[in-house]
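Below is one structure; the comments refer to it alone.
The values are calculated or read from the model by the stated rules, or taken from the named source; none is laboratory data. Remember, predicted model here, so these are calculated numbers, not experimental data. Counting neighbours? That spans all protein chains shown, and the Cβs are built from the backbone with ideal geometry, glycine included.
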Amino acid sequence: MDEQQRLIMTNVPTHSNRRNALSVMQRFYRCIFQVLLGTSSLESLHQISQQDGEAWNELRGRLSKRTQNINIIGTLLVAGLATFLTTSPSTDLAKWDGAFTYFCIGAAYVISTLAVASGLCLLVFLDIMSPKSIEAAQNSTFKFLVLLMLLMLPLTLLFSAGLVAGLAFLLAVTLGDNVWMKVAAWAAAAATCVVLLVLLFTLEI
């Protein structure tokens, strides 16, 4: 009997083995859901909604706090980009008055404004969200897509605005005349990409 139990225990996959068994795409999707949604999937969100009230209130509070932080960052980004759009550049280290650079700054301004607006809508929804809202999304494809979009939109838009603003910065520095600024800007961009990749493949989900 002891020998049989030992064989059963050795055949049970450990957490490490299960994690290694996940494909790269599976880990990518779960990471994206964890970052944008706050849980690894909508099913896990539904499971939390079926638990006791304390777990549900904790999840709502965590989502509300995260959305508030997104709104604060988005508001600061809107103010900063508005300054770039309405004032003349004070340095010749970067070529901010290029047509495409100016277009990217304007696009980032619009996207960050939408991020703040969607974040405010999400805060209103989180105040009235109940387990029935999650259950209704499970039973309707349309409601599922609406809920998914509402939960993911603020952070997605904020990330997109930061990406476009970063592209504008890289372009302006590249078109400028300062070599060291170019090296520093592209090194920072490469370091950011490395950090994001490390986060993607090492985040415990």
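For region 128-138, the count of residues that are aliphatic (A, V, I, L, M) and surrounded by fewer than 18 Cβ atoms within 10 Å (Cβ to Cβ) is at least one. Assess whether residue 40 counts as being modelled with pLDDT under 70 and within 30 Å of residue 176 (Cβ to Cβ). So residue 40 does not fit the description; no. Quick one: in region 44-72, of everything that is in contact (Cβ under 8 Å) with a residue 24 or more places away in the chain and more than 22 Å from the chain's Cα centre (by Cα), which residue is farthest from residue 130 (Cα to Cα)? For region 44-72, the residue satisfying everything is 50. Restricting the first member to region 165-192 and to residues that are polar (S, T, N, Q), and the second to residues that are modelled with pLDDT under 85, the beta-carbon pairs closer than 7 Å and six or more apart or on different chains are 174/182; 178/93. One residue alone among 75, 86 is surrounded by fewer than 16 Cβ atoms within 10 Å (Cβ to Cβ), at pLDDT 75 or above, within 25 Å of residue 182 (Cα to Cα) and among the β-branched types (Val, Ile, Thr), and that residue is 86. A residue that is touching a residue at least 40 places away in the same chain (Cβ under 8 Å), in a helix (DSSP H, G or I) and farther than 26 Å from residue 68 by Cα occurs nowhere in region 117-130.
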